[in-house]
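Trainee: Pasting in a structure now, in structure tokens, and then I'll have a few things to ask.
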Amino acid sequence: MREQDGLTRVQLQHGDTAWLVTRYDEVRAALSDPRISADITNPRLPVAVHGRPTFARMDDPDHARLRRVFTSAFTVKNVNLMRRAIETVVDRTLTAFAGGRNPADLMRGYALPIPSQVICLILGVPYEDHQFFEEHSATLFDQGLPADRKQAALTALYTYTHRLLTDRLTAPSPGLIGQQAVLIARGELDLDEAAVSTMALLVAGHETTSSMIALSTLVLLQHPDQLARLRDSDDPTVVARAVEELLRYITIAETAAVRVATDDVEIGGHLVRKDEGLMMCLPSANRDGKFAGADDLDLGRDARGHVAFGFGVHQCLGQNLARLELQIALPVLLRRLPGLKLAVPLEELRMRLGILSVDELPVTW
Ligand code: HEM
């Protein structure tokens, strides 16, 4: 499709018709155009469930007002202050995984617990509840599941974060939940909006990074020469480059960036009419001609400028955190388990679409 045209009319799984935007320049043009909206209260936005809006699915100024509550927590500087805490989580998780049963599921044993524990620390969510929120988050992101299951998962998660915030309105408590509780008590933040934002951060904070840890490992096992480059280097620049390339090459957020035009807009030589939906095909944009030999994994390339975290005002809030978690979790896994390999044939893995992931990643070492 991308070779023929930058925009193609497609029918989506849940019935909507939308423009699929496949080229790098067109994706960036659409994502930075103020006439292209992310507003989920617009019935024309091509999504399966029109649930309660998170700031990810609002337009400015509301989007900016709510995002601002969290921006300082996710700057490079503040995320780097968490390095020690993340290293401790990774070390503890890897020690338990390596000392446990062999073969084992890398997803449940390593890829998922790391970002889950980290986002719990940041938010102040009790990690004991991880099974509850991990299961519901996976339901939300699994494109293969029906809309009523997703709606039920959304309601359960919203009720959960609403209760956490309500419980903490009167006593000081740690993390971003505690900070929001203070703002709510002062009348500067709305409780419902805070519950939705917290839910979005909890879900996005672990589901995406866990997929990237698992799929990066899978892809590296299929590219042993590239795996060796990452395993054998302790140069932070080399590791950072490698992670950037893995983000580009895998691009897990396949269908996350959906929009609707609020006016007639020309993109890539096409007239996108008011009320027409758009879906950015980020994996395709990241394999566009902007990156030479884009279909090859090359951990030495400069992959900066990729759109795996989106582009424009909605560009991923948690990207610095995700990068740091990957930079810490991947090399240490490859070094401590040098004999790591898949424990089942590749074809037996069940891929999850939407946010690209695997249900399980059975490995042996
Ligand atoms: C490798 C991991 C991750 C990937 C690939 C990823 C990808 C993305 C993408 C593509 C978007 C833009 C969606 C759009 O334009 O509609 C986005 C937005 C967002 N992400 Fe991430 N993400 C990751 C990790 C995280 C983490 C760890 C957090 C939280 C701590 C997070 C929180 C968010 C939030 C809150 C938004 C909405 C931002 C806004 O609308 O202003 N993400 N992410």
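Trainee: For the stretch 93-100, just list the computed ³J(HN,Hα) in residue order, Karplus coefficients 6.51, -1.76 and 1.60, θ = phi - 60°, integers in Hz, with x standing in for Gly and Pro.
Mentor: My calculation for the stretch 93-100 gives 5, 5, 4, 5, 5, 5, x, x Hz in order.
Trainee: Leaving ligands, DNA and RNA out of it, work out the accessible area of Met1 with a 1.4 Å probe and give it in Å² to the nearest 10.
Mentor: Rounded to the nearest 10, the figure is 110 Å².
Trainee: Further question: Quick check: from the Cα gyration tensor, does the stretch 1-129 come out rounded (a/c under 1.5), prolate or oblate? Write down the numbers at each step before the final one.
Mentor: Numbers: a/c = 2.26, a/b = 1.65, b/c = 1.37.
Prolate is the answer for the stretch 1-129, as a/c is 1.5 or above and a/b outweighs b/c.
Trainee: How large is ³J(HN,Hα), in whole Hz, for each residue of the stretch 287-294 in order, when computed from phi with the Karplus curve 6.51 cos²θ - 1.76 cosθ + 1.60 and θ = phi - 60°, using x for Gly and Pro?
Mentor: 10, 6, x, 4, 9, 4, x, 4
Trainee: So what's the gap between the Cα centers of the stretch 39-111 and the stretch 305-336, to the nearest angstrom?
Mentor: Value for the Cα centre distance between the two parts: 10 Å.
Trainee: Trypsin sites (Lys or Arg not before Pro), restricted to the stretch 20-72: which are DSSP loop and have at most 10 other Cβ atoms within 10 Å?
Mentor: Values: sites: Arg23, Arg28, Arg35, Arg44, Arg57, Arg65, Arg67, Arg68; in loops: Arg23, Arg35, Arg44.
In loop regions of the stretch 20-72 (DSSP not H, G, I, E or B), there are no sparsely surrounded trypsin sites (Lys or Arg not before Pro).
Trainee: Divide by every residue of the chain the summed helix terms, -39500 (n - 2.57) for each DSSP H run of at least 4, and state the resulting mean residue ellipticity at 222 nm, rounded to the nearest 500 deg cm²/dmol.
Mentor: Working: 13 runs with 171 residues, N = 365.
Result for the chain: -15000 deg cm²/dmol, rounded to the nearest 500.
Trainee: What is the stretch 1-67 by shape, rounded, prolate or oblate, if you read a ≥ b ≥ c off the alpha carbon gyration tensor as root eigenvalues and call it rounded for a/c under 1.5, prolate for a/b larger than b/c, and oblate otherwise?
Mentor: Details: a/c = 3.14, a/b = 1.42, b/c = 2.22.
Taking the square roots of the gyration eigenvalues as a ≥ b ≥ c, the stretch 1-67 is oblate.
Trainee: Antiparallel DSSP bridges in the stretch 7-335: what percent, to the nearest 5? Before the final figure, lay out each step's value.
Mentor: Values: 13 of 17 bridges.
If we restrict to bridges inside the stretch 7-335, about 75 percent are antiparallel.
Trainee: Taking a probe of 1.4 angstrom, what is the accessible area of Lys150 in Å², to the nearest 10?
Mentor: 20 Å²
Trainee: Something else now. Net charge within 15 Å of Lys77 by Cβ-Cβ distance, Lys/Arg positive one each and Asp/Glu negative one each, not counting Lys77 itself?
Mentor: Details: positive: Arg83, Arg84, Arg323; negative: none.
Local charge sum for Lys77: +3.
Trainee: Okay, moving on. Counting other C-beta atoms within 10 Å, and keeping those with at most 12, which DSSP coil trypsin sites (Lys or Arg not before Pro) do you find in the stretch 161-241? Spell out each step's value before the answer.
Mentor: Values: sites: Arg163, Arg168, Arg186, Arg229, Arg231, Arg241; in loops: Arg168, Arg186.
Sparse-neighbourhood loop trypsin sites (Lys or Arg not before Pro): Arg186.
Trainee: What residues qualify as long-range amide H neighbours of Ser357, i.e. H under 5 Å apart, gap of 5 or more or another chain, H built at 1.01 Å from N?
Mentor: Residues meeting the amide H criterion: Arg352.
Trainee: From the Cα gyration tensor of the stretch 319-365, with a ≥ b ≥ c the square roots of its eigenvalues, which class applies: rounded if a/c is under 1.5, or else prolate if a/b is larger than b/c, or else oblate?
Mentor: Values: a/c = 4.24, a/b = 1.13, b/c = 3.76.
It is oblate, given that a/c is not under 1.5 and a/b is not larger than b/c.
Trainee: Go through the stretch 242-252 residue by residue and turn each phi into a ³J(HN,Hα) via Karplus (6.51, -1.76, 1.60, θ = phi - 60°); whole Hz please, and just put x for glycine and proline.
Mentor: Result, ordered by residue: 4, 5, 4, 5, 5, 4, 5, 5, 8, 6, 5 Hz.
Trainee: Toward the positive end of the charge dipole of the chain, about the Cα centre and with charges on Cβ (Lys, Arg +1; Asp, Glu -1), which of Gln180, Ala292, Ala308 goes farthest?
Mentor: Sorting the options by dipole projection puts first Gln180.
Trainee: Using alpha carbons only, what's the Rg to Rh ratio of the chain with Rh from Kirkwood? Write down the numbers at each step before the final one.
Mentor: Details: Rg = 20.3 Å, Rh = 21.2 Å.
Answer for the chain: 0.95.
Trainee: Report, in debye and to the nearest 20, how large the dipole of the stretch 7-335 comes out about its Cα centre when Lys and Arg carry +1 and Asp and Glu carry -1 on their Cβ. Intermediate values should be presented prior to the final figure.
Mentor: Working: 34 positive and 41 negative charges, 87 e Å.
Magnitude of the dipole: close to 420 debye.
The values are calculated or read from the model by the stated rules, or taken from the named source; none is laboratory data. It should be emphasised that the depicted structure is a prediction, and the values quoted were computed from it without experimental measurement. Cβ coordinates were reconstructed from backbone atoms using ideal geometry, including for glycine residues, and neighbour counts include every protein chain displayed. Areas reflect the complete protein model, heavy atoms only, side chains present, ligands, DNA and RNA absent. Shrake-Rupley method; radii C 1.70, N 1.55, O 1.52, S 1.80 Å.
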